[in-house]
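Student: Handing you a structure now.
The values are calculated or read from the model by the stated rules, or taken from the named source; none is laboratory data. The structure presented is a predicted model; accordingly, all values stated were derived computationally and were not measured. All Cβ positions, even for glycine, are placed from backbone atoms using ideal geometry, and neighbour counts span all protein chains on display. Remember, those area values only see protein heavy atoms, side chains included, never the ligands or the DNA or RNA. Shrake-Rupley method; radii C 1.70, N 1.55, O 1.52, S 1.80 Å.
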Amino acid sequence: MEVSFFVAAAEDKGERLDVFLADKLPEISRSRVKGCIEMGMVKVRGEQVSKGGYALKEGDLVEISVADAVELSVEPENLPLNIVYQDADFAVINKAQGMVTHPAAGSPQGTLVNAVLYHIKDLSGINGVLRPGIVHRLDKETSGLMVVARTESAQTDLVRQLQARTVGREYWALVLGLAPEAGFVDRSIGRDPRNPLKFCCRGGQGSKPAMTHCRLVDVAQAAGRTISWVACRLETGRTNQIRVHLTTVGLPLLGDPL
């Protein structure tokens, strides 16, 4: 597999090469990305780069050649699937909490894709066998509405609408503490230097601008604690953005294990 990416946005300038590729290719493990770089399978502006810490520049063309892995077999599975809306072009599915969106090394079965393949026969193949029709994803522990394309034209149009933010997405969260009636968090997000599995708002190399708009929906008391129901809208789509931003302002997500 050979793919290429432009470092088109100023916000990606200065990001490490290995982090950039890991974010762009979530279906590939970080260790595999690192191995590709070390083996000379990555080029930046046509020149071979063998160090994952290489700092990218705006306008860079990043090319990576990944040896084809053994393809996962994705079989239709008769799993419960809440289809909210469906027509000839796309379907809207209410993904259940605890369900992985698409197959990966640690979750080859029981995913939303397995269920979709069983319940919806005609799907766009633009994303390949592992992500047929998938326009966007939700984390395993997040429930909510997802759009699945049934044609390639619908897939292309939906992705463009999401990129242009002409489609609005609102995320609901329960947080510990009393949230303000309305407001926003405007803080850059990057990997936590003390724990690469986490993200934080400390800034520094690799951090990207991020903004989250929040409004208070309701408040309740439980076990002597104040719990706020907040609605969030994102101007940017950083990894773990909502949980990081809300934790940073003293409103951690209820039940967040990380």
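Student: Inside segment 75-121, can you point out the residues that are open to solvent by less than 40 Å² (accessible area, probe 1.4 Å) and either among the charged types (D, E, K, R) or touching a Leu at 6+ places or on another chain (Cβ under 6 Å) (or both)?
Tutor: The answer is V92, K95, M99, T101, H102, P103, A115.
Student: Among the residues of segment 151-183, what is the count of those that are part of a loop (DSSP other than H, G, I, E, B), in contact with a Leu (Cβ under 6 Å, 6 or more places away or on another chain) and either open to solvent by 50 Å² or more (accessible area, probe 1.4 Å) or of a type in the set (D, E, K, R) (or both)? First the steps, then the outcome.
Tutor: Filtering segment 151-183 for residues part of a loop (DSSP other than H, G, I, E, B) gives 151, 165-169, 177-181.
Going one step further and asking which of them are in contact with a Leu (Cβ under 6 Å, 6 or more places away or on another chain), we end up with 177, 179, 181.
From the residues that got through so far, the ones that are either open to solvent by 50 Å² or more (accessible area, probe 1.4 Å) or of a type in the set (D, E, K, R) (or both) too are 181.
Residues flagged as part of a loop (DSSP other than H, G, I, E, B), in contact with a Leu (Cβ under 6 Å, 6 or more places away or on another chain) and either open to solvent by 50 Å² or more (accessible area, probe 1.4 Å) or of a type in the set (D, E, K, R) (or both) within segment 151-183 amount to 1.
Student: A further question follows. Just to check your reading of the model, which residue among T212, T239 is under 27 Å from P193 (Cβ atoms), among the polar types (S, T, N, Q) and open to solvent by 50 Å² or more (accessible area, probe 1.4 Å)? Don't jump to the end; show me each part of the working.
Tutor: Details: T212 fails: open to solvent by 50 Å² or more (accessible area, probe 1.4 Å).
The unique qualifying residue is T239.
Student: Still on this structure: Identify the residue in segment 3-33 that is at pLDDT below 80 and open to solvent by 90 Å² or more (accessible area, probe 1.4 Å) and, among all such residues, is nearest to K51 (Cα to Cα).
Tutor: Result: R30.
Student: Moving on to the next point. Take L197 and tell me if it is assigned to a loop (DSSP other than H, G, I, E, B), in contact (Cβ under 8 Å) with a residue 40 or more places away in the chain and open to solvent by 70 Å² or more (accessible area, probe 1.4 Å).
Tutor: On the way: assigned to a loop (DSSP other than H, G, I, E, B): no; in contact (Cβ under 8 Å) with a residue 40 or more places away in the chain: yes; open to solvent by 70 Å² or more (accessible area, probe 1.4 Å): yes.
In short, no.
Student: Of the residues that sit in segment 200-235 and are in contact (Cβ under 8 Å) with a residue 40 or more places away in the chain and among the hydroxyl-bearing types (S, T, Y), which one is nearest to D18 (Cα to Cα)?
Tutor: This residue is S228.
Student: Kindly indicate which of D186, D139 is of a type in the set (D, E) and open to solvent by 80 Å² or more (accessible area, probe 1.4 Å). Talk me through it step by step, then tell me what you get.
Tutor: On the way: D139 fails: open to solvent by 80 Å² or more (accessible area, probe 1.4 Å).
Going through D186, D139 in turn, just one is of a type in the set (D, E) and open to solvent by 80 Å² or more (accessible area, probe 1.4 Å): D186.
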